[in-house]
Structures are given as C-alpha cells and as structure tokens.
Amino acid sequence: MYLTSDNTICAIATPQGIGAVSMVRVSGAQTLDILKKLTHKEQFNIRQAHRCEIYDDNDKQLDDAVILFYKAPHSYTGEDVAEIFIHGSQYIQKTLLETLINWNVKLAEPGEFTYRAFINGKMDLLQAEAVNDLVFSTNSNYHDIALNQLRGGFSKKLNIYRTELINLTALLELEIDFAEEDVEFASRDKLKSTIIELISEADRLIDSYKNGNVVKRGIPIAIIGKPNVGKSTLLNALLNDDKAIVSEIPGTTRDAIEDQITYQGFSFRFIDTAGLQTTEDIIENIGIERSFDKMRESFIILYLIDITEFDYYKFLEDIQEMKNQIKDFDNKKMILVFNKIDLIEQIPSHLFDLKDYDKVFISAKRKENIEILLDDIVNSIKDMINVNEDTLINIRHYEAFKEIKLSLTKALEDINKNMPNDIVAFDLRQSIESIGKITGEIVNNDILDHIFANFCIGK
C-alpha cells in the first residue's frame, strides 16, 4: 500500500461532518512550502500557534485558521508536519483538501501518518498498533492497556526478553567456534532456567489474550430463561432502549439479539436469547440451539425467572440440562435474576435459601434494581477477569507468542537431549524472530498493509 514516503500527504484528522473546528494534517518534505503558499506567510516558528488567513488555489481567501508547524524529526511522523485548524464547514474542509491536492499533496491512505512514524523510527509496530487501539477504545480497561503499549511499556519488556535470548544464542554460537577447545561459555543450568522462565512468561501472556479480547470487544453475557419471563424487557432496561421486541406471545424472540453498554470501566455485550422450552416448531428449536451456543461463549449467564411461577425442581432440571449441553458450565458465572417483583407483595423467604448462586430481584418493566444487577455483574467480572498493562488484546501478538513458546519448548527439549549447540541456537533464533515480528523489526509489506488498513484516515 505505502510504496514510498517521498510524497507529502494530507488528510482530515477530525471526524467527518459539520463541527465547530476541523483539523487537516499535512506531513512530508514539502510541508513548509505548502504552508507559505497557503498563507502568504514566509516564516513559521516551530511548535507555536499561528493565526493566519488561508487561501485556495485561485488565491481567494478560504478561512481564518490556526496553524501549528513541527520540524522534522521532532514530530509525530518524524517528518515536517503541519496541523491546520479551520472552521468545521464541510465546504471549507473540501476546498482545502482540493487545494492541497492541486498542489501535488497526496491524500493520505488509512493509517499512513502512523506508518511513517513507524518507518521513521518514532515508534515500533507494537506502539503503532496501540495508537489504533487507543482511538477505538470503548472502556477504561481497554484504554489503559492501549495507552501503556503506546508509551512503550510492553515494548521495553519484549526488548529485555529479546536481549536475553540474543546473549544466550551468541554464547552458544561462540562455543561452536571454539568446539575443539571444549569450552563452555553458556552454563546449561543458566540456559535452561532462563528458557523455563521465558516459557512461563509466554504462557501467562497467551492465557491473558482470552481476557484481553473480551475487554476489547465486550464481555458476552447471555440472558436466558423460559418464554415470556421478560428477557427482552430486561435487555431493553439494561440498554435503556427498545432494542428487542416485547410481546405477551411466547416465542417472540426466535434468534439472539445483542447490544453493548459500558459500565464502570467494562464493556458488556448483552445477548437476549430465544426462550428455553420443549417445542416441535423447527424454527424455535433452531433458536433454542443458538441460545445454548451463546451460553457457551458467555462469561456470565443471567438466568431470568418469573418470580410468580418459580418451580424449584424444574429449576434443578434446567440447570442439569445446561450442564449436559455446556462442557465448561461450572466455570461460568450464573446469576439468578428473579423478575416481576412488582406483581408480589414480598419476596418469598425460601428463595434466599438458594445459596449456590447470586440472586437479584428486579422488575424489568419498571426498571427496578437494574443498577443493583449491573453492580453484581461488575463484581463478578472483577473476580473472573484479571487485566494488566501487558494483557494481550491483539490476535497477531497472541499468535506470535504461541510461536515463541513453541520455539523455546523445542530449545529446552534439545538441551535435555544433549543436542548440538547449532540446533539449540536455531530454536532460540526462531524465538528472537517471533519477538521481532511483534515489534516490527522483522515484518513484511503484506502484514504492514493489513495492520494500517484498519486505521482511520488522518491517523
């Protein structure tokens, strides 16, 4: 996609549409000449705001703008960069871009500014990907992970691992050079302990991806129960919107409906499923099977019960059926949500004897105790999900760490088998190469195209 960085590029860096202010970013060797032509000014102080009249390619005044100029290499891209703040009129935005294009400034590809920052050594590939994650972050946990990676915290840790492996490999290869003298430069005990430690760290990071992925994409929560217990009403109450159709007719929801909210730093993806029942209706049975599929992928199951019709023995049968259908059912969190408390005078005392499950009593119709339910969900997730600054949120990094673990495990096996040093060194170099794929020291154009194609234009 990005065959050269010789061109000067431009793009609108603020959201499209009408607004109070819009910003157009320019980067490249011709940036200062473009600014002089655009403003009829000859001098721009570095990193100072300049209020200027700007003119189109017909020398007609277009706007009264504020311009910041950054001199290479002290800019985001490492090139000369200008940020032109204009009024947010669509006409002004369009005309300014047309003017720049007429002056041989190329319209930037998605992510091209960050791509130039990467190739100019302003950030590594891990940090470049973190820029995009930061832009698209929807909750505080996702934001914090992306921000730490952008700051280079995870990159520094990877560089430590890479340096350790390079040093060990160098010592092994030195032994090969002095093979006739029977000298041991790399202590086998030290070598094995270091590899075991790195395998353990790779395992931890690989395991973290499951949590990181759901933090990034939204923690799936299935709303299940018999027909007509209020599942769609509960979904609408949680979303504060009429997403699902609500009807007195059992079986109205025949397929899963889902939407997402952010609450106390977490994004939750609530899934309203078809009612669990015995039926001969082919379409409803398909919906019920999909309900079990959604339960399988969920971290939390909200089992919604009509409090006016609760049957303890039928409840136990339903739980057993879920255990039969879902292999890891016991690893999931189930919250019993007793609905329609507006139809009773007081909660039956025997319900409090269900000590194996969290219980919340609500009226979805009146939106009563919905916040209590959300708080219970948050507390449950905090117990289930542990995220920190180096939690993996990118599948590319996840795959790379699986490669790292595989190479290190092979190296450890070869050491234990007293295999020749060149074979062990080859295994270690495979691990070093996989780390380089993450940071961008070893990368091909197809991977770069894939990564930066997912960026916004102007970033």
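For this structure, a couple of remarks:
- Ranked THR391, THR138, criterion: other C-beta atoms within 10 Å, fewest first: THR138, THR391
- The DSSP beta bridges internal to the chain are antiparallel in roughly 55% of cases.
- Helix 90-102 and the longest principal axis of the Cα set of the chain meet at an angle near 40°.
- Positive-end residue of THR99, GLY17, ALA82, charge dipole of the stretch 9-123 with Cβ unit charges: ALA82
- Percentage of interatomic Cα-Cα distances in the chain larger than 32 Å: 58
- Computed over the Cα atoms of the stretch 9-123, the ratio of the radius of gyration to the Kirkwood radius (Rg/Rh) comes to 0.94.
- Between helix 188-217 and the chain: long-axis angle, C-alpha atoms, 0 to 90°, nearest 10: 70
- Mean residue ellipticity (222 nm) of the chain, computed from DSSP H runs ≥ 4 via -39,500 (n - 2.57), nearest 500: -15000 deg cm²/dmol
- Lys, Arg +1 and Asp, Glu -1 on Cβ, resulting dipole of the chain about Cα centre, debye, nearest 20: 1040
- Principal axis dimensions, largest first and in whole angstrom, of the stretch 90-155 by Cα: 42, 28, 13
- Neighbour counts of other Cβ atoms within 10 Å put LYS417, LYS71 in the fewest-to-most order LYS417, LYS71.
- For the stretch 110-153, trypsin sites (Lys or Arg not before Pro) meeting the loop criterion (DSSP other than H, G, I, E, B) and having at most 12 other Cβ atoms within 10 Å: none.
- Measuring max minus min along each principal axis, the C-alpha atoms of the stretch 329-459 give extents of 78, 50, 21 Å (largest first).
- The angle between the Cα long axis of helix 140-151 and the longest principal axis of the Cα atoms of the chain comes to about 20 degrees, rounded to the nearest 10.
- Distance in nm between pseudo-label sites at TYR55 and HIS87 (7 Å out along the Cβ direction from Cα): 2.0
- Using Cβ point charges alone (K and R +1, D and E -1), the dipole size of the stretch 9-123 about the Cα centre works out to roughly 300 debye.
- Plainly put, the stretch 87-218 has a radius of gyration that is 1.21 times its Kirkwood radius, both from alpha-carbon atoms, as the Rg/Rh ratio.
Quick note: the coordinates plus some simple rules give every number you see, no bench work behind them. Bear in mind that the values here come from a model prediction, so they are computed numbers and not experimental data. All Cβ positions, glycine included, derive from the backbone under ideal geometry; neighbour counts span all protein chains shown.
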